[in-house]
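Quick notes on the structure that follows.
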Amino acid sequence: MKPDRAGMLAGIVAGCLLGIPAFAQGPAVQASPGWNRAMPPGPDARVKITEEYARLVGRDAYFWSWPMVNIYNRRLHFAQVKETARTGPLMQAPLNRLAMLTDYVEPEERSVACPNQDVVYGIGSLALDISPVVIQVPDFGDRFWVYQAVDLRTDSFVQLGKMYGTTPGFYLLVGPNWTGEVPRGITRVFRSPTSTGMIAPRVFQDDTAEDKRAIQPALRGIVMYPLADFDGTTKTMDWANLPKAPPPPPSEAETRWVFPEKFVDELPAVLADAPPLPGEEARYAQVLAVLAAAKADPKLKQAMTEGAIESDEKLVTPLFQFRNYGQQLPHNWSTISNESAFGTDYFTRTAVAKSNILVNSPNETKYFYQDLDSAGGRLNAANRYTVTFPKGGTPPVNGFWSLSIYNEHHFFVANPINRFSVGTKNKDLKLNADGSVTFYVQAEAPNDANQRANWLPAPKGDFSLYVRAYWPKAEVTQGGWTPPAVLKSN
C-alpha cells in the first residue's frame, strides 16, 4: 500500500504549526479540524461546578504551572532586596540588577539545586515590566562564558556566549510590550515573552590559583542595570568587596519557592505575566474560570488547594529523582534535549525545574543524569564506584566538561579535599596506561596515590552523578556519545 502523502503532509504541517518536530519519535500530533478558525468560547463562568472538578483543575494546573510559580516567587523575594550584597555562600541584588561571585560556589549554597564548580556564577531577577535592562559583556579573551536569561516558563530568550561569537558590548533585554527607542551604543536587543525572568552568567575557571586571579578583571565587567542608567560607558563592580547581609537560614534541601497552600492566590498574577502559548488558550480559559469560581466560593478554593497539595506530593515531588524522567540511555544514564526550550512539554519542564532548575540551552550545555549504578542499584556512599572514560572518550566539547557529585538533596557537601567535580578544570588527573581515565567515587580516600588524584569524594547516604558538556559537539547533541557505566567496585 502506498503511503498517504496527503496525510503525511498534513501531519508535517500540523507539527510545524504546533511547534512539534515533523519527524519526532512517536506519532505526530494532528491539528484539529478547523484549527485556523477562531477558538470556540471557553467555559461559561456562570455555570455551577463541583468541588471534585475544582480539585481536578487545581491538581493539573499546579503541575504545569509549577516552574512559573517558582520563578515568580523568586522575583517577589528579590523585590525585597534593597542593595547588592553577599549573603552567606551566595549574593543578592535588587530587581533588574545582578550580583557575581568571584570564585566557585560554596558547598553550603541551597538556593538553586545542582550548582557546579566549573564556573563562576552570577544571578539576577528580571522585572522587565518595570524597566528594560542593559547587560554588559566584557572581553573574556579565550575564556569560555555564557549568559543564561530565561522567561517565566524557564525558556531561554537570549543568545549570549562564546558559542555565539558574541562580541564585547552592551545588550538590551526588554519585555513583551516595550516600545521604547533603543539608545545608540546598544549592540543587540533581546525580547522576553514575559515580564518576569532570571539571568545567570557562567564563566569557566580552572582549579589553579593563577586562573582564579586571571578571571577577576572579566568578572568586574559583568554588570546589569536598568536602561535609565545607561550612558554608553562601561561600568565595573568590585564583586570581591560587596557589603555583607544576613545569610539565609541553614538548610539541607533547596530553598522552597512553591507552596501548594498559596497556589490559588498566586496563580492569577502568574498567568497574567505569561500569556498562553499557541494552543494553550483553552487550558488557560479552563483554569481562569475555576479560579473565578473559587474566588467567590471558599469550598471551591479549598478543593483547588487540596488538588494542588495532592499534585505536589504525588506528581511533582517524585520528579526530583533523575531516574523518574528523561530520555533513557545506556548504563542507566538519562538526558533531555529540549532544555530551556520546553514550550508545552509540561512534564519535562516541571521535572527539570524540580530537580535542577535553570539549565542552559542544548547547544550551550548538554546534561546527563545518574542515580543508579550499572546494575540498577541506588548510588550510595556505603559502596565504592569507578567511572572510566576510554582514551579519547571524554565528552566531545568545544568548551569544557565535568563530572559532578551531589547528595540526596542535589547539593554539595563539604569534604576533606574540597572537590565536588572533576573534568577539564583539573590539571593533575592521572591517566591509565592505555590513555583512559578512571574516577574513583567513594567516601574514603583511595590508598593508591594515583587513584587519590582522581578521587571524587562521595557524600554520606544516597547521591547522584551529573555530567555536563559545555558547548557540546554534534556527537553529543545528536546522541552519538553517552557517558560510561558507573561500576560498583566492592
Q) Taking the stated definitions as given, is Ser404 closer than 30 Å to Thr317 by Cβ and at pLDDT 95 or above? A) yes
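For region 99-143, name all the residues that are of a type in the set (Lys, Arg) and surrounded by fewer than 18 Cβ atoms within 10 Å (Cβ to Cβ). Give the derivation first.
Taking region 99-143 first, the residues of a type in the set (Lys, Arg) are 110, 143.
Result: Arg143, single match.
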Q: Within region 295-342, count every residue that is more than 22 Å from the chain's Cα centre (by Cα) and closer than 22 Å to Ala485 by Cβ.
A: 2
Q. Across region 85-100, what is the number of residues that are touching a Ser or Thr at 6+ places or on another chain (Cβ under 9 Å) and closer than 13 Å to Ala200 by Cβ?
A. 5
Q) Can you tell me which residues in region 336-364 are over 20 Å from Trp401 (Cα atoms), touching a residue at least 60 places away in the same chain (Cβ under 8 Å), of a type outside the set (A, V, I, L, M) and part of a loop (DSSP other than H, G, I, E, B)? A) Phe342, Gly343, Thr344
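A quick yes/no check of all residues on (1) within 24 Å of Ser111 (Cα to Cα); (2) aromatic (Phe, Trp, Tyr); (3) surrounded by 14 or more Cβ atoms within 10 Å (Cβ to Cβ):
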site: Glu266; (1), (2), (3): yes, no, yes
site: Leu277; (1), (2), (3): no, no, yes
site: Ala282; (1), (2), (3): no, no, no
site: Leu300; (1), (2), (3): no, no, yes
site: Ala308; (1), (2), (3): yes, no, yes
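Considering only region 209-236, state which residues are part of a loop (DSSP other than H, G, I, E, B), over 25 Å from Asn360 (Cα atoms) and either among the hydrophobic types (A, V, I, L, M, F, W, C) or in contact with a helix residue (DSSP H, G or I) (Cβ under 9 Å, 6 or more places away or on another chain) (or both).
Residues of region 209-236 part of a loop (DSSP other than H, G, I, E, B): 215, 221-223, 230-236.
After this cut, where a residue has to be over 25 Å from Asn360 (Cα atoms) as well, the list is 230-236.
Within region 209-236, Phe230, Lys235, Thr236 meet the criteria.
A quick yes/no check of all residues on (1) within 14 Å of Asp155 (Cα to Cα); (2) buried (at least 16 other Cβ atoms within 10 Å of the Cβ); (3) charged (D, E, K, R); (4) not assigned by TED's automatic domain parsing to the domain that holds Pro67:
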| residue | (1), (2), (3), (4) |
| --- | --- |
| Asp297 | no, no, yes, no |
| Ser311 | no, yes, no, no |
| Gly326 | no, yes, no, yes |
| His331 | no, yes, no, yes |
| Glu339 | yes, yes, yes, yes |
| Asn360 | yes, yes, no, yes |
(Q) Return the residues of region 280-335 that are small (Gly, Ala, Ser), in a helix (DSSP H, G or I) and within 24 Å of His409 (Cα to Cα); say none if nothing qualifies. (A) Ala308, Ser311
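Answer yes or no as to whether Gly197 is touching a helix residue (DSSP H, G or I) at 6+ places or on another chain (Cβ under 8 Å) and assigned to a strand (DSSP E or B). Spell out how you get there, then give the answer.
Working: touching a helix residue (DSSP H, G or I) at 6+ places or on another chain (Cβ under 8 Å): yes; assigned to a strand (DSSP E or B): yes.
Considered against the rule, which asks whether it is touching a helix residue (DSSP H, G or I) at 6+ places or on another chain (Cβ under 8 Å) and assigned to a strand (DSSP E or B), Gly197 comes out as yes.
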Q. So Lys427 fits all but one of (1) in contact with a helix residue (DSSP H, G or I) (Cβ under 9 Å, 6 or more places away or on another chain); (2) at pLDDT below 95; what number is the exception?
A. (1)
Q: Look at Lys391 and say whether it is in contact (Cβ under 8 Å) with a residue 60 or more places away in the chain and either surrounded by fewer than 20 Cβ atoms within 10 Å (Cβ to Cβ) or under 22 Å from the mean Cα position of the chain (by Cα) (or both).
A: no
Q) Would a scan of region 374-382 turn up a residue that is assigned to a loop (DSSP other than H, G, I, E, B) and in contact with a helix residue (DSSP H, G or I) (Cβ under 6 Å, 6 or more places away or on another chain)? A) yes
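Restricting to region 207-257, what's the tally of residues that are basic (Lys, Arg), over 19 Å from Val134 (Cβ atoms) and in contact (Cβ under 8 Å) with a residue 40 or more places away in the chain? Spell out the reasoning first.
Quick first cut of region 207-257, residues basic (Lys, Arg) only: 212-213, 220, 235, 244, 256.
Within this subset, residues satisfying the condition of being over 19 Å from Val134 (Cβ atoms) are 212-213, 244, 256.
Next cut, in contact (Cβ under 8 Å) with a residue 40 or more places away in the chain only: 212, 244.
Selection size over region 207-257: 2.
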Q | Filtered residues of region 397-424 (kept if closer than 17 Å to Tyr466 by Cα and more than 22 Å from the chain's Cα centre (by Cα)) | A | Arg419
Q. Mind checking which residues of region 267-287 are of a type in the set (A, V, I, L, M) and either closer than 20 Å to Trp257 by Cβ or modelled with pLDDT of 95 or more (or both)?
A. Leu267, Ala269, Val270, Leu271, Ala272, Ala274, Val287
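Check Lys235, Lys262 and return the single one that is at pLDDT 95 or above and either aliphatic (A, V, I, L, M) or closer than 22 Å to Arg97 by Cα (or both).
Details: Lys262 fails: either aliphatic (A, V, I, L, M) or closer than 22 Å to Arg97 by Cα (or both).
None of the others qualify; the one that does is Lys235.
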Q) Tally time: how many residues in region 107-154 are among the charged types (D, E, K, R) and either free of Cβ contacts under 8 Å to residues at least 24 places away in the same chain or in contact with a helix residue (DSSP H, G or I) (Cβ under 9 Å, 6 or more places away or on another chain) (or both)? A) 6
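The values are calculated or read from the model by the stated rules, or taken from the named source; none is laboratory data. Remember, predicted model here, so these are calculated numbers, not experimental data. All Cβ positions, glycine included, derive from the backbone under ideal geometry; neighbour counts span all protein chains shown.
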